[in-house]
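Read the structure below first, then the notes.
We did not get these values from a lab; they are worked out from the coordinates using the rules stated. The structure displayed is predicted, hence computed values, not measured ones. Cβ sites come from the backbone with ideal geometry, for glycine too, and all protein chains shown count toward neighbours.
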């Protein structure tokens, strides 16, 4: 087996790939939860599937497994939304304090900061290193106006 690159090198080189920025949310018996994620992709049109990868150490992770539903909030560009994404990337107890949102059809939070949202029902999961790959069937999709927040080489920006 060939040796792997270091996590630091992978972060540095993979950071050259421009990604969109999302906040993945879910509702559980003990509240609403969410975390910033950029490992998100459209997986299939027929059936409509999305792929989300979450660190198993994230407090959102066990709640998504239990709820079996989640929302992918594609975040709108803007400095205030960059701060929101940093907040949801941190380890904190109540990330939703003062964050405007509504509950979608699945019960998952839809953020006012979202340019678009995709609500999903969990189809299956796969282990992938220190992350879990969540495959969700899209049950609702909403598109708003504006431009997305993007992430490149450790920085947020617009298009």
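Data table
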| read-out | value |
| --- | --- |
| Net lengthening on full extension, residue 45/residue 30 (0.36 nm per residue, minus Cα-Cα) | 2.1 nm |
| Within a Gaussian network of the chain (alpha carbon springs, distance under 10 Å), most fluctuating of 99, 40, 13 | 13 |
| Residue with peak Gaussian network fluctuation, the chain [Cα springs, cutoff 10 Å], from 147, 46, 80 | 46 |
| For segment 19-78 versus segment 80-98, the gap between their alpha-carbon centres in whole angstrom | 14 |
| If the convex hull is drawn through the Cα atoms of segment 7-157, its volume per residue in Å³ | 110 |
| Mean residue ellipticity (222 nm) of the chain, computed from DSSP H runs ≥ 4 via -39,500 (n - 2.57), nearest 500 | -5000 deg cm²/dmol |
| Histogram of C-alpha separations across segment 7-71, 10 Å bin width, % | 19, 44, 29, 8 |
| Label-zone membership for segment 13-27, site residue 4, 7 angstrom Cα→C-beta point, backbone N under 18 Å | 13-15 |
